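Asker: Please find one structure pasted underneath; my questions will follow.
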Amino acid sequence: MKRVLEWVCGVLLALVMAFWCVTATADLALSAGLYGTPGTYKVESCYDTNPSGKNSSYDCDGDFTPEGGTAPDAEYVELSDTGHDYPDGTEFDARQGIEPDTVQRAGFWGVVGELWQVAVGVTVLAVLGYQAIKPRGQAARREDHRREPSRRRRMADRVGYAVLVAVPVGILSWIAMLAEPTP
């Protein structure tokens, strides 16, 4: 029963992480300029959505103007959970996705802001994959007496290497995001 519960919880966590990873990857691609409409986002105001005052989470109101557009072309867009309390009137490069209300900061800082999320998703998925693939019980004990690791063990180790790459990438991008200068 315990093993079935572990598998059910693992599958549910994997589905949530896969959804988060795909969404973050789409946002990363938008920030990197792989698709979408380039333009400028001008902040009207930002406000803290966390009433406790701890762990501030900022939403910003402003206008997105497509590249080459003028003030009448600007669209009102609310940016959720920006991570920064941008001063009123701040402008930065942005890209608008397929949906008009999807706007991401473009360039290096936009990519850094999304990269840590992709790294977390990949890390969790790799750990879950490693747990699902690695030999268990009697198979693991038989493997301990062999000279060569089994194909299953080699595959689990390869999946585990993704963790060794994703964790430092996630940590470094998160630190860089915290060090981001406010435009």
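Asker: When the Karplus curve 6.51 cos²θ - 1.76 cosθ + 1.60 is applied with θ = phi - 60°, which whole-Hz ³J(HN,Hα) does each residue of segment 17-34 get, with x for Gly and Pro?
Answerer: So the J values, rounded to whole Hz, are 5, 5, 4, 5, 5, 5, 5, 5, 5, 5, 5, 5, 5, 5, 5, 7, x, 6.
Asker: Please build a GNM for the chain, connecting alpha carbons under 10 Å apart, and tell me which residue among E99, E91, E75 fluctuates the most.
Answerer: Highest fluctuation of the listed residues: E99.
Asker: Follow-up question, since we're still on this one. Students often check this: by mean Cβ neighbours within 10 Å, which of 21-34, 101-114 ranks highest, and how do the rest follow?
Answerer: 101-114, 21-34
Asker: For the chain, what does -39500 (n - 2.57) per DSSP helix run (n ≥ 4), summed and divided by total residues, give at 222 nm, in deg cm²/dmol to the nearest 500?
Answerer: Here the helix-only value at 222 nm equals -17500 deg cm²/dmol.
Asker: Computed from these coordinates, which is Kirkwood radius over Cα pairs in Å: (1) 16.7; (2) 19.0; (3) 26.7?
Answerer: The listed entry that was calculated here is (2).
Asker: Using a 1.4 Å probe over the heavy atoms of the protein chains, calculate the carbon and sulfur portion of the accessible area of the chain as a whole percent.
Answerer: Here carbon and sulfur together make up 61 percent of the probe-accessible area.
Asker: Pick out, from N55, A24, I133, the residue whose Cα sits farthest towards the positive end of the charge dipole of segment 1-133, with +1 on the Cβ of Lys and Arg and -1 on the Cβ of Asp and Glu.
Answerer: Ranked along the dipole, the leading option is I133.
Asker: Something else about it: In a Gaussian network model over the chain where Cα atoms closer than 10 Å are linked, find which of T123, T70, T90 has the largest mean-square fluctuation.
Answerer: T70
Asker: Give me the 1.4 Å probe accessible area per residue for the chain, excluding ligands and nucleic acids, in Å².
Answerer: 63
Asker: Further question: Arrange the residues M155, M1, M17 by how much accessible surface each exposes, largest first, with a 1.4 angstrom probe.
Answerer: Heavy-atom accessible area, descending, gives M1, M155, M17.
Asker: Let me ask something else. With labels modelled as points extended 7 Å from the Cα through the Cβ direction, what inter-label distance (nm, one decimal) is found for E99 paired with V4?
Answerer: Rounded to a tenth, the inter-label distance reads 3.7 nm.
Asker: Under 5 Å between amide hydrogens, which residues at least 5 positions from V103 or on another chain qualify, with H placed 1.01 Å from N in the peptide plane?
Answerer: Those qualifying (amide H under 5 Å, at least 5 residues apart or on another chain) are G97.
The values are calculated or read from the model by the stated rules, or taken from the named source; none is laboratory data. Remember, predicted model here, so these are calculated numbers, not experimental data. Every residue, glycine as well, gets a Cβ built from its backbone with ideal geometry; the counts of neighbours run over all protein chains shown. Remember, those area values only see protein heavy atoms, side chains included, never the ligands or the DNA or RNA. Shrake-Rupley method; radii C 1.70, N 1.55, O 1.52, S 1.80 Å.
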